[in-house]
Amino acid sequence: MRKIIATLINEFRLFRKDLAGVALLFLMPLVLTIIMALIQDAPFREYQDIRFDVLWVNKDNGRLAEKMKDGLMSIPQFRLVSSYENKPLDEIKARELVQSGTFKIAIIVPEGITAEVVNSANQVANDMGKRLGAAGKLPERETRSANLEIYFDPVTKQAMKLSLLNALDKQLTKVQAEMIMGRLSDRMNSAGGDSSPSPEFDLQQKMQAVSIKEFSADRQSKVNLNTNSVQHNVPAWAIFGLFFIIIPIAGNTIREREEGSLMRIRLIPGSYFSILFGRLSFYVLLGVAQFYGMLLAGWAILPKLGLPHLYMGQAPLTLLVTAMVIAITATAYGVCIGALFQTPNQALPFGAISIVILSAIGGIWVPVEILPAGLQQLAKVSPLHWALDAINTIFLRNGGLPAVWTNLAILLGFSAVFVTIAGLVESGRQQ
Amino acid sequence: MLAISQLYKTYRQASEPSLSGLTIDFPGNIIAGLLGPNGAGKTTTISILCGLVKADSGSVKVLGYDIAEDKEEIKKRIGVVPQSIALYPTLTVTENLEYIGKLYGLTNAAIRQKTGRYLHLFGLEKSAHKAIRHFSGGMKRRANIIAALLHEPRLLILDEPTAGVDVQSRNMILQFLKEYHGQGHSILYTSHLLEEAQQLCNEIAIIDHGKLVVKGNPAELMEKNQCSSLEQVFLHLTGYTVRD
Ligand SMILES: Nc1ncnc2c1ncn2[C@@H]1O[C@H](COP(=O)(O)OP(=O)(O)OP(=O)(O)O)[C@@H](O)[C@H]1O
Ligand SMILES: [Mg+2]
């Protein structure tokens, strides 16, 4: 135990001698986390609450177009734009603006579309009136087809397209139904019967009798959380940054071997495991401190920059254990890299770039869920994937230890493999 | 204190053997010198003695313990001063010694007392809180020796402790070795400086190409080979060819 503590102190002293290194180790991942959260804020919002401008060209000037416009404007996601540079938009200008990518979407309401809807509403009303034995007839003619025209910028994301098409479809159905109902009641009234004016039929209210509401799948939690830039980026880059402690670990391991201090240690009886353990403990503590530092930044600094608060789940102890296991894995990886390479010049680029690769396939950059199936399988070879998945389980799914223990076991498995490789390589080197 | 028999060693990356059947026996409590040209196998022999490197075959007994069986027992009783500086360059000499002392299981009081004494003895008191990397070559060598002394080893093994140090430092080191021997400890050391060995050692062994060339008391060896100095004996026995 004394040897372990002595090693901890010694590692701290070695570390302290390089204050710039310490500062960089803590600051750079912090800067990275903040920048990534800021940059990815917009793309993340796109899936949720970002507003997008929709060019609106009305060539109809009838009731349908007006009602559609009102309907779309009541959806907070869309903002209808019907003039550009103080000039009312026409069809050609709108298409040009979408083509050039200035706007993502244009909707063109063709001439006569109201007439077309009125006509079909009249047809329906006449038909029903006849069946009910009502006298009289609303004017009707044969049906001509009419289309709302929509233009998308080719780079528009599929998700955005779908959400607009759905909204339009819903509006269109609603307006048509309203018109049919209106015509029908006109038809009934004009047919005689009681002549007292019937109150306006509130279709809106009737149609909302059954609606959709979203709930959290997690029954107990009162928090209903969507992922957002902060929730994704802070844990993801905190894990990424934590893995960067392999740089000082591998560097120190190699330097120790080159400088000869390792030889001194190997001359001392019965110390090897205490030293290994002491050293690993130091870096695990350091990694955990760094990780929490970054979460703290997500919690305290990012809201000041106009981003949402970081929500950290409801299992602080599980989070601590998970952070420790992730730090152990990162440390073991560092020890492994330190053992595998002869010089810092070999180890550092390999170590750094391997972390970037492991983080890319592990879903640090882009959530694994949106990767192709093959890449989703590949993600499993990255310890960073299991680490991020565990943190997401705690933060977004309000998971506790039972929900993350498989991840932790897998991470410890990775650690065991790394340490074993290091041990084999180091003992081979003694020959 | 030391018995080596039929020791063979070929490093993994090497094509030629570094030791090929080395046999040396140093009985008793002596200052023994292991001499030989560059690449003769001195450092390899010492590395095997202290358990850093494994021999391919042969037997090694240090202070009566077999290296294959009682490596840890041997490590407790020997102090090794490697040919290269084996200290943390960014730490101060005091920090280095404190850590090494703790790894040897010494109490804080013992560490403080020994550190103070040896820093004084080796003239490093004023630099006690200076980082090793800011030491001069001679100061590094002296600090390197202190690191092997904290646990009062019965056998002190030194690989070229006087390489690259000035006359004053060398004098101090040699003086210390004599005193340490006088306190009942054994010493095995290697050197290229034959005059130094001649002056210090009770027994020397000259090795070349990983084999023993000759072993004996310096004075006897000079007499037997009809040479006036150990250097002449050395050249006479190992030839004039320059080594790698
Ligand atoms: N780690 C190693 N890998 C491969 N070959 C080695 C290694 N260490 C030493 N050798 C080779 O073994 C031989 C003996 O080396 P050793 O260091 O034991 O010689 P030495 O007598 O200590 O020489 P010097 O006086 O120069 O210190 C040399 O030919 C050397 O090149
Ligand atoms: Mg040597």
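Here are the numbers:
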| item | result |
| --- | --- |
| Where B:Leu194 falls short, out of the listed (1) more than 20 Å from B:Ile78 (Cα to Cα); (2) aliphatic (A, V, I, L, M); (3) more than 16 Å from ligand 1 (Cβ to nearest atom) | (3) |
| Only listed residue being within 23 Å of B:Thr23 (Cα to Cα), surrounded by fewer than 17 Cβ atoms within 10 Å (Cβ to Cβ) and away from ligand 2 (no atom under 16 Å from the Cβ), chosen from B:Gly216, B:Gly182 | B:Gly216 |
| Sole residue being within 14 Å of chain A (Cβ to nearest Cβ), closer than 24 Å to B:Ser47 by Cα and more than 16 Å from ligand 1 (Cβ to nearest atom), chosen from B:Ala109, B:Ala147 | B:Ala147 |
| Residue ranges of helices (runs of 4 or more DSSP H) in segment A:226-332 with at least 3 members over 26 Å from A:Gly21 (Cα atoms) | A:229-243 |
| Identity of the residue in segment B:112-129, part of a loop (DSSP other than H, G, I, E, B), without any contact (Cβ under 8 Å) to a residue 40 or more places away in the chain and surrounded by fewer than 18 Cβ atoms within 10 Å (Cβ to Cβ), that ends up nearest to the other protein chains (Cβ to nearest Cβ) | B:His129 |
| Unmet criterion (only one of (1) in contact with a Lys or Arg (Cβ under 8 Å, 6 or more places away or on another chain); (2) away from ligand 2 (no atom under 14 Å from the Cβ)) for B:Ser5 | (1) |
| Conditions (1) within 11 Å of another protein chain (Cβ to nearest Cβ); (2) closer than 19 Å to B:Thr190 by Cα: number failed by B:Gly39 | (1) |
| Selection status of A:Lys157, in contact (Cβ under 8 Å) with a residue 40 or more places away in the chain, surrounded by 15 or more Cβ atoms within 10 Å (Cβ to Cβ) and among the basic types (Lys, Arg) | no |
| Residues satisfying the stated conditions in segment B:79-93, i.e. away from ligand 1 (no atom under 16 Å from the Cβ) and either away from chain A (no Cβ under 13 Å) or crowded, with 22+ Cβ neighbours inside 10 Å (or both) | B:Gly79, B:Leu87, B:Tyr88, B:Val93 |
| Within segment A:29-123, helices (runs of 4 or more DSSP H) holding 1 or more residues that are touching a residue at least 60 places away in the same chain (Cβ under 8 Å) and not assigned by TED's automatic domain parsing to the domain that holds A:Met179 | A:41-46 |
| Close pairs from segment B:31-47: first closer than 19 Å to B:Met1 by Cβ, partner part of a loop (DSSP other than H, G, I, E, B) and more than 7 Å from ligand 1 (Cβ to nearest atom), Cβ under 6 Å, at least 6 apart | B:Ile31/B:Cys201; B:Ile31/B:Asn202; B:Gly33/B:Cys201; B:Ser47/B:Val53 |
| Residue within segment B:52-66 that is within 16 Å of ligand 2 (Cβ to nearest atom) and under 24 Å from B:Arg243 (Cβ atoms) present | yes |
| Per-region count, segment B:48-66, residues more than 13 Å from chain A (Cβ to nearest Cβ) and free of Cβ contacts under 8 Å to residues at least 60 places away in the same chain | 7 |
| Selection count, segment A:266-287, where residues are of a type in the set (A, V, I, L, M) and surrounded by fewer than 19 Cβ atoms within 10 Å (Cβ to Cβ) | 2 |
| Residue satisfying condition, being within 16 Å of ligand 2 (Cβ to nearest atom), in contact with a strand residue (DSSP E or B) (Cβ under 6 Å, 6 or more places away or on another chain) and either of a type in the set (A, V, I, L, M) or modelled with pLDDT of 95 or more (or both), within set B:Leu188, B:Leu177, B:Leu193, B:Leu155 | B:Leu188 |
| Qualifying positions in segment B:158-174 - within 14 Å of chain A (Cβ to nearest Cβ) and either away from ligand 2 (no atom under 16 Å from the Cβ) or of a type in the set (A, V, I, L, M) (or both) | B:Leu158 |
| Per-region count, segment B:31-62, residues buried (at least 17 other Cβ atoms within 10 Å of the Cβ) and away from ligand 1 (no atom under 16 Å from the Cβ) | 3 |
| Matching residues, segment A:125-152, being among the β-branched types (Val, Ile, Thr) and at pLDDT below 85 | A:Thr143 |
| Filter result (over 16 Å from the mean Cα position of the chain (by Cα), farther than 17 Å from B:Asp244 by Cβ and touching a residue at least 12 places away in the same chain (Cβ under 8 Å)) within segment B:1-24 | B:Ser5, B:Gln6, B:Leu7, B:Tyr8, B:Gly21, B:Leu22, B:Thr23 |
| Failed item in (1) in contact with a Phe, Trp or Tyr (Cβ under 6 Å, 6 or more places away or on another chain); (2) more than 25 Å from B:Leu200 (Cα to Cα); (3) within 14 Å of another protein chain (Cβ to nearest Cβ), with B:Lys76 passing the rest | (1) |
| Close pairs from segment A:2-25: first within 10 Å of chain B (Cβ to nearest Cβ), partner among the aliphatic types (A, V, I, L, M) and part of a helix (DSSP H, G or I), Cβ under 6 Å, at least 6 apart | A:Lys3/B:Leu103; A:Thr7/A:Ile275 |
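The values are calculated or read from the model by the stated rules, or taken from the named source; none is laboratory data. These figures come from a predicted structure and were not determined experimentally. Ideal geometry is used to build each Cβ from the backbone, glycine not excepted, and the neighbour counts take in all protein chains shown.
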